[in-house]
Amino acid sequence: MADGPFQNDQVAGEVNDTVEQAKGVARDAANAVSDAASKASGTLREAAGSVRDAAQRSEVGRSVFAFADDASERLAKTADYVRDTESAVMWRDFVGYVKARPVESLAAAVMLGFVVGRAGRRS
């Protein structure tokens, strides 16, 4: 079997096709992540508004209102972060946070696992 220019051109063409397909998959994945971040940002913004509205309508004391207002502000900031930050940067920030606060991160993971486990059992 001889390697000729035709065979090399055919292999190069197949490699280029594969590269283009990979680029398409990467673009689709990036778009999906961006869409999910936009939806999450919108949901967090809605939650922030709901918390703020509920606190304003509530007849509880100023300290509860201040707590709810602070929570809504944090939700709004989180929404902005999710909307404005690329997923790779979010992942790097997450890893940095876990490395800087391993005990708190482990506790949060255990609590999240407990909540997910309970939710899974109920459904």
**Request:** Starting from residues that are assigned to a helix (DSSP H, G or I) and of a type outside the set (A, V, I, L, M, F, W, C), keep the ones in the range 83-93 and report whichever is surrounded by the fewest Cβ atoms within 10 Å (Cβ to Cβ).
**Result:** Asp84
**Asked** If a residue has to be loosely packed, with under 10 Cβ neighbours inside 10 Å and at pLDDT 70 or above to count, how many in the range 1-19 make the cut?
**Response** 0
**Asked** What do you reckon, is Asp80 over 29 Å from Phe94 (Cβ atoms), surrounded by 11 or more Cβ atoms within 10 Å (Cβ to Cβ), among the charged types (D, E, K, R) and modelled with pLDDT of 70 or more?
**Response** no
**Message:** Just to be sure I understand, how many residues within the range 29-49 are surrounded by 12 or more Cβ atoms within 10 Å (Cβ to Cβ) and either of a type in the set (A, V, I, L, M) or not in a helix (DSSP H, G or I) (or both)?
**Reply:** 8
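The values are calculated or read from the model by the stated rules, or taken from the named source; none is laboratory data. This structure is a prediction, so every number in the text was calculated from the model and none was measured. For neighbour counting, all protein chains shown are included, and Cβ atoms are generated from backbone atoms with ideal geometry for every residue, glycine included.
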